[in-house]
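Taken together, the values in this text are just the output of simple stated rules run on the coordinates, not laboratory data. What you see is a predicted model, and the numbers here were worked out from it, not measured in a lab. Glycine also receives a Cβ, built like all others from the backbone with ideal geometry; neighbour counts cover every protein chain displayed.
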Amino acid sequence: MSSGGAMVDVVVRLNVEAGEEARLFGVYLNRFVANHGVEADRFADVPYLMIHTDPAGEVDVKVLTFQERTAAQAFTSGWSQARSGLKTARTA
């Protein structure tokens, strides 16, 4: 990181159901990364975001590791809204 400050990993764990929710997660993740490319460029020497999946039965646990707290907060807030929209559409 160019600022010279110590980096802190911000780890976010999200339960993502198979099917529609998993597809929505993929679409949301792609859009998030595309929209935050300028921020990611500041972390040229380290990954801006790392993701892996831990299978946990009927849901997958998506483990996202961010290098910036504001990016983690933006991601979780946006994902919460996207997920709420999907759940609302299911009940309509």
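Let me check I've understood the local charge: for VAL8, count other residues with C-beta under 13 angstrom from its C-beta, Lys and Arg +1, Asp and Glu -1. What total comes out?
So the surrounding residues net to -1.
Could you calculate the contour length gain from GLN81 to VAL27, that is, 0.36 nm times the residue separation minus the distance between their Cα atoms, to one decimal place in nm?
18.1 nm
Whole-Hz Karplus ³J(HN,Hα) for region 55-71, in order, using 6.51 cos²θ - 1.76 cosθ + 1.60 and θ = phi - 60°, x for Gly and Pro?
Listing the rounded values in order: x, 9, x, 6, 10, 9, 9, 8, 10, 10, 10, 9, 9, 9, 4, 5, 5 Hz.
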